[in-house]
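Notes for the one structure printed next.
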Amino acid sequence: MTDWTALGIGLGFALLGGMLIALGSRRWSLCPLRECPALEAGQRVEFTIAGKRYATVLTGVDGDALRLAPPLERGLPVSFEAGTFAELRLTTPAGVHEATVQFLGRQTRPQPCLMARLASRWRHTQRRRYERIVLPDEVNVALRFANDYWIAWAHDASQGGLRLYAPAPVPLNAHLRVEMPPTLRGVTCCDGECRARVVACERAPTRHGYAYQIRLAFLDGHTT
């Protein structure tokens, strides 16, 4: 083997090693070992733009590139200008993960989807015992607190709790009764009427105006 051949082989390995290091660094920068969720088509995700939250699903993943089904607003698909940033939220059995994404455009074939890329590292923001399911439509849930009774709109649910929008606030740590509709049967441990504790209550904008976002933790899974 000539010196020139050995030198060429050495340069080739050096170039390949540099590329692998660069790719590995890019992967590590966006996805630390213990904070990277496994992404796959069909997962439900939420993203927030200018304080407005949308729910949709991943239709494809290619490295840091994501394809999202266009969310619906009043029955019509919504798209966003290229360059728009959003906060993406993904709930898995291991917890809640969040990252910043940037929309790149819209694709119409083979099916309509929004193109986006990861623009930040993933953050493991919440460790959950139960997977949270984002509800595709607003589901009416009846609440009873003291002598008050009103209808709230469930946004997402898990076996251990519920997040909903209500027309009135409820004190933190208050105990109330929740009347679950048949459409949520099996989604939570609550079947029928159950007791729950308020773990958070804050004023929040909705598509109907302003309401109160309430997070509930079920106290038991038995009908009361």
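The values are calculated or read from the model by the stated rules, or taken from the named source; none is laboratory data. These numbers were taken from a predicted model, which means no experiment stands behind them. Quick reminder, even Gly has a Cβ in these numbers, built from the backbone with ideal geometry, and neighbours come from all protein chains shown.
Flag: ARG67 does not match the condition of being on the phi < 0 side of the Ramachandran plot and free of Cβ contacts under 8 Å to residues at least 12 places away in the same chain.
In this structure, does ARG195 turn out to be in contact (Cβ under 8 Å) with a residue 12 or more places away in the chain, more than 25 Å from the chain's Cα centre (by Cα) and either farther than 17 Å from PHE145 by Cα or in the same structural domain as ALA146 (by TED's automatic domain parsing) (or both)? Criteria met by ARG195. Scanning the range 126-138 for residues that are assigned to a loop (DSSP other than H, G, I, E, B) and modelled with pLDDT of 90 or more turns up nothing.
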